[in-house]
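Everything below concerns the one structure shown next.
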Amino acid sequence: GLQAVTTRRSNDGGVDVDALDPDPISGGSIVVQVKRYRNTVPPSAVRDLFGTVQGAGANKGVLVTTSKFGPGSYAFAEGKPLTLISGNELVDLLRQHGLRGRLGAPVAAPAPSSPSGDFNLLGMVWRGSVALDVCALVCEGGRVLGDEWFVFYNNPSTPDGSVAAVTASPGDRAAVRVGFDALPARADRLVLVAAVDPEADPDADLRGFTEAGIRLRDASGGELDRLDVSDGRPGETALVLGSFRRR
């Protein structure tokens, strides 16, 4: 197998993983870049990888993304020591090696299975220019029930619709709709997490994340209560916004 070492998060020279294939004939140094993108990876990212391969004197470059590549990227990579792995191909590779992986295309979230109107909106507010992904995790103890119970931009709803990412109300920067009574019986808590969006700024942290809070709203959007959230710190890239426990 390959010998691989992950690089530092920043100032890594455009390399996320340094790998070495010890095969004396087909092996050599391999540089790997990983891109968590929502949209199609631009050809410029592939050109940058090729420049990194040449600059590092590597034998090969691999670009992995949770998204996809367009014709321009494949055309540029043709005939060069570059391998492009799209999100779907990544999931297939994980399955081939006995690992679980899932990429969900954004779809309209199903309505909660609880009675009509029996849900709340959790609106997230904060100051600062850092781009954040807000995620909701349906948990039993300290574990998420499963991949499908992890709600984020690429999986906008749980299977039963009890938790879903929705359009934020005026004044909120992100929002999640929750039918608390509709959560699975074994779920004992809902956890909200904010994480830096590496696509928008791979070197950002939470130092500018201030005056944050979660607004509990009724089904019509009226504010019922507010939970204050601690400020972010330099070097942090993710933060638990709040945990709602079932009693």
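Values in this text are rule-based calculations from the coordinates and carry no lab data. For clarity, every value in this text was computed on a predicted model and none was experimentally measured. Glycine also receives a Cβ, built like all others from the backbone with ideal geometry; neighbour counts cover every protein chain displayed.
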From the backbone phi of the range 222-230, what are the Karplus-calculated ³J(HN,Hα) couplings (6.51 cos²θ - 1.76 cosθ + 1.60, θ = phi - 60°) in whole Hz, Gly and Pro given as x? x, 6, 9, 6, 9, 10, 6, 10, 5
Rough spin-label spacing in nm, given labels placed 7 Å along Cα→Cβ, for Ser230 and Ala131: 2.8
Each residue of the range 171-176 in order: what ³J(HN,Hα) in whole Hz does its phi give by Karplus 6.51 cos²θ - 1.76 cosθ + 1.60, θ = phi - 60°, with x for Gly and Pro? x, 9, 9, 7, 8, 10
Residues Glu148 and Asn39, FRET efficiency given R0 of 25 Å [Cβ-Cβ distance, rounded to 0.05]: 0.60
How big is the C-alpha Rg of the range 120-245 next to the rule-of-thumb value 2.2 N^0.38 Å, as a ratio? 1.02
Under 5 Å, built H, 5+ apart or other chain: amide partners of Leu132: Asp197
For Leu82, list long-range residues whose amide hydrogen, built 1.01 Å from N in the peptide plane, is under 5 Å from its own amide hydrogen. Gly61
Sequence order, the range 148-161: Karplus ³J(HN,Hα) from phi using 6.51 cos²θ - 1.76 cosθ + 1.60, θ = phi - 60°, Hz rounded, Gly and Pro as x, gives 6, 9, 10, 9, 8, 4, 9, 8, x, 7, 6, x, 8, x
